[in-house]
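A quick write-up on the structure given underneath.
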Amino acid sequence: VVVCLIAVLALVWTMPEIPKTVKTGEICLPSEIGPLKCGSTADLLHGYLEREIATKYDEVKRQDQEKQENHLKKVSARLMNIYDKSFWEMKPAAKLTGKEQPDLRKNDSNADMVPIREWRNGRELYDTKGFIRYGIRYRNGRLVVPVDGTYFIYSNIDFFESCNPSSGLPDVKDINKPIKHGIFKFNILEGEEEELVTNVQPHTISTNRYYNSYNSYVSSLAELKAGDELSVKVSNITY
C-alpha cells in the first residue's frame with residue numbers, strides 16, 4: 001500500500017500544473033512548449049488541431065516523398081537499362097560475308113598480302129547473317145567508319161589449299177612463306193595503310209594428301225576516326 005501511495009504521489013508531482021479554476025467557455029490543452037494552457041475553447045482548439053494536423057501532414061508528406069524518390073530510383077534504373085540497350089543497338093556496326101573473288105591483278109603477284117576485294121553487301125546480305133547499319137558504309141571492298149570511337153573489329157576466314165597426292169605437301173610456290181591474314185586501316189587524309197591485327201601460321205603436310213584446311217580468326221579493339229576504311233588481306237587469295 002505504501003509503495004502504491006508513493007507511486008501515485010510521484011505521478012501527481014510530475015503532472016503539469018492544472019489550473020484550479022476554469023471559466024465557462026474555456027478549455028485547457030497542451031501548449032506548443034508543453035505545459036497546459038487554458039483559454040477560449042474555440043481559439044485553443046483551433047490552434048491545437050492546426051498544430052496536430054500540420055505535424056501529421058508533414059509526416060505524411062515526408063513518407064510520400066520517400067515513396068516517390070524510391071519509385072523514381074527504380075524507374076530511372078529501368079529507363080537507363082532500356083536506354084543503354086537502345087544506345088548499344090544504335091551503334092555503327094557491320095558484318096559482311098565472303099563471295100567469289102575476281103581475278104588477281106598484275107600488281108598482286110609480288111605482293112606479300114592481297115586484299116579481299118569482293119564481299120556480299122546491300123541486298124546480297126538479306127539471305128545471310130550479315131548486316132550494315134547506323135552509318136557504316138561499304139565501298140570498294142572496304143568498310144568506312146562514320147564516327148570517331150573505339151571499335152571491336154574481327155575477321156574469320158577458312159583457307160583451303162591443294163596438295164601433292166604423292167607427298168601431301170602443299171602445292172604452293174614457297175612452302176616456307178607462312179599464311180597471313182589481317183585487318184588493315186586506311187585513311188585518305190593520312191595516305192598510308194596501317195596494319196591493325198594479323199595472324200600468321202605455317203603450311204602443314206596434308207593428312208589426306210589431297211588438300212589442307214586452315215582457320216584464321218583475328219580480333220582487336222581499335223581507335224578509329226571518321227573516314228577510316230577497313231579491309232581484310234590474306235597472303236594468297238587463291239586459297
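The values are calculated or read from the model by the stated rules, or taken from the named source; none is laboratory data. Nothing here was measured: the structure is a model prediction, and the numbers come from that model. Virtual Cβ from ideal backbone geometry, glycine too; neighbours counted across all protein chains shown.
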Legend entry - Gln101 being over 30 Å from Lys177 (Cα atoms), modelled with pLDDT of 80 or more and either surrounded by 10 or more Cβ atoms within 10 Å (Cβ to Cβ) or small (Gly, Ala, Ser) (or both): no
Inset, instruction - Might you check whether a residue that is surrounded by 11 or more Cβ atoms within 10 Å (Cβ to Cβ), on the phi < 0 side of the Ramachandran plot and modelled with pLDDT of 70 or more occurs anywhere in the range 83-91? - result: yes
Legend entry - Check on Tyr57, outside any strand (DSSP E or B), among the aromatic types (Phe, Trp, Tyr) and modelled with pLDDT of 75 or more: yes
Inset, instruction - Identify, by number, the condition in (1) under 42 Å from the mean Cα position of the chain (by Cα); (2) modelled with pLDDT of 90 or more; (3) exposed (fewer than 11 other Cβ atoms within 10 Å of the Cβ); (4) among the small types (Gly, Ala, Ser) that Gly182 doesn't meet. - result: (3)
Legend entry - Filter result (of a type outside the set (S, T, N, Q) and free of Cβ contacts under 8 Å to residues at least 24 places away in the same chain) within the range 194-213: Glu194, Glu195, Val200
Inset, instruction - At least 2 residues that are out of contact with any helix residue (DSSP H, G or I) (no Cβ under 6 Å at 6 or more places or on another chain) and modelled with pLDDT under 90 in each: list the strands (runs of 3 or more DSSP E) lying fully within the range 121-170 that qualify. - result: 149-162
Legend entry - Subset of the range 206-239 (residues that are outside any loop (DSSP other than H, G, I, E, B) and polar (S, T, N, Q)): Asn212, Ser213, Asn215, Ser216, Ser219, Ser220, Ser231
Legend entry - Considering residues of the range 21-34 that are at pLDDT 60 or above and surrounded by 11 or more Cβ atoms within 10 Å (Cβ to Cβ) only, the residue farthest from the chain's Cα centre (by Cα): Glu26
Inset, instruction - Please identify the pairs in which a residue from the range 44-59 that is surrounded by 13 or more Cβ atoms within 10 Å (Cβ to Cβ) has its Cβ atom under 9 Å from the Cβ atom of a residue that is of a type in the set (Asp, Glu), counting only partners at least 6 apart or on another chain. - result: Leu44/Glu26; Gly47/Glu32; Arg51/Glu32
Legend entry - Ile188 closer than 20 Å to Pro92 by Cβ and in contact (Cβ under 8 Å) with a residue 12 or more places away in the chain: yes
Inset, instruction - Could you tell me whether any residue of the range 144-155 is charged (D, E, K, R) and either out of contact with any Cys (no Cβ under 8 Å at 6 or more places or on another chain) or without any contact (Cβ under 8 Å) to a residue 12 or more places away in the chain (or both)? - result: yes
Legend entry - Filtered residues of the range 145-158 (kept if surrounded by fewer than 17 Cβ atoms within 10 Å (Cβ to Cβ) and of a type outside the set (Ser, Thr, Tyr)): Pro146, Val147, Asp148, Gly149, Phe152, Asn156, Asp158
Inset, instruction - Return the residue satisfying two criteria in turn: it lies in the range 185-205 and is of a type in the set (A, V, I, L, M) and part of a strand (DSSP E or B), and of such residues it is surrounded by the fewest Cβ atoms within 10 Å (Cβ to Cβ). - result: Val200
Inset, instruction - Tell me which residues, restricted to the range 191-220, are farther than 30 Å from Ser167 by Cβ and of a type outside the set (D, E, K, R). - result: Gly191, Leu196, Val197, Val218, Ser219, Ser220
Inset, instruction - Output yes when any residue across the range 11-20 is loosely packed, with under 11 Cβ neighbours inside 10 Å, part of a helix (DSSP H, G or I) and modelled with pLDDT of 75 or more, and no when none is. - result: no
